[in-house]
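K.L.:
For reference, the structure I am asking about is given below.
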Amino acid sequence: MTETEPTSRRERIRQLTQDEIKSIAMRQVAEGGVQHISMNAIAKEMGMSGPALYRYFQNKQALLMDVVSDGFCSMHEAIVTADETAGSVEDRILAMGRAYRRWAKENSEVYGLLLSTTIPGEEDRSLELCIASRDAVMPLILAVAEYAQLEFTPVPSEEIDVENPYGDIPERFRYVMIRMWSRLHGLIMLEIHGHMDQSGIDPDEIFEMELDDTLGLVKRATELLKAN
């Protein structure tokens, strides 16, 4: 998930300008959601004309696509950092789960944007989005596979099928991953939208309980796979 560094002075200036445009767009998303993004407002804040802004991004949809890609890269970096600071595979899974939650809370509006399967007008870049979303959480998937003692080699990016980006994973293990993600994601969304505030439940405590439970899911799935 690395980008080619610009080489010429002109390319570096263009990259810096694009980064500033995306930064403003991400702030607009954080302030009011996707509908709050305004190309005219961005151009005004940048001190440029509307037509000048479109030399950097063809339209709002193209800008959103890059914001999403950057969001997945940022999530990936948070997960990798957590992975590298933990010890055992179990500790790594727990650390990455916590990092996922922490990133989602700190980037709640962008997190919501990442959950969109497509961006209107950018359907031809759906494979690019598929690769970015897969790679963002791949360290966690690999750790869970290791914990389950499951041989798993990710499909190379150039061979990814948008309908099956994770390759040859046993069906039972796919169910486990979906259940794991849905339980953790569900709690995160409840917390982000304030639904935990009046529950009298400590969000940290219940999230830790779910993390432990999901490890139990993996253990049970591993035993069933071995039995078969």
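K.L.:
For the stretch 178-204, what are the residues that are of a type outside the set (A, V, I, L, M, F, W, C) and surrounded by 15 or more Cβ atoms within 10 Å (Cβ to Cβ)?
P.N.:
Correct list: Arg179, Arg183, His185, Glu191, Pro203.
K.L.:
Kindly check whether there is at least one residue in the stretch 86-103 that is among the basic types (Lys, Arg), part of a helix (DSSP H, G or I), at pLDDT 85 or above and exposed (fewer than 14 other Cβ atoms within 10 Å of the Cβ).
P.N.:
yes
K.L.:
Got a sec? Which of Ala25, Ala78, Ala43 is free of Cβ contacts under 8 Å to residues at least 40 places away in the same chain and either part of a loop (DSSP other than H, G, I, E, B) or over 15 Å from the mean Cα position of the chain (by Cα) (or both)?
P.N.:
The match here is Ala43.
K.L.:
Test Arg55 against the criterion of being modelled with pLDDT under 90 and over 17 Å from the mean Cα position of the chain (by Cα), and give yes or no.
P.N.:
no
K.L.:
Going through the stretch 159-177 one residue at a time, which ones are exposed (fewer than 15 other Cβ atoms within 10 Å of the Cβ) and under 26 Å from Glu84 (Cβ atoms)?
P.N.:
Gly167, the sole residue that qualifies.
K.L.:
Would you check if Val155 is surrounded by 11 or more Cβ atoms within 10 Å (Cβ to Cβ), within 18 Å of Glu90 (Cα to Cα) and among the β-branched types (Val, Ile, Thr)?
P.N.:
For Val155, the condition - surrounded by 11 or more Cβ atoms within 10 Å (Cβ to Cβ), within 18 Å of Glu90 (Cα to Cα) and among the β-branched types (Val, Ile, Thr) - is not met.
K.L.:
Another question, then. Go through the stretch 31-40 residue by residue and tally those that are in a helix (DSSP H, G or I) and closer than 19 Å to Val110 by Cα.
P.N.:
Adding up the residues that qualify gives 6.
The values are calculated or read from the model by the stated rules, or taken from the named source; none is laboratory data. Quantities reported herein were computed from a predicted structural model and do not represent experimental measurements. Glycine gets a Cβ as well: all are built from the backbone with ideal geometry, and neighbour counts include every protein chain shown.
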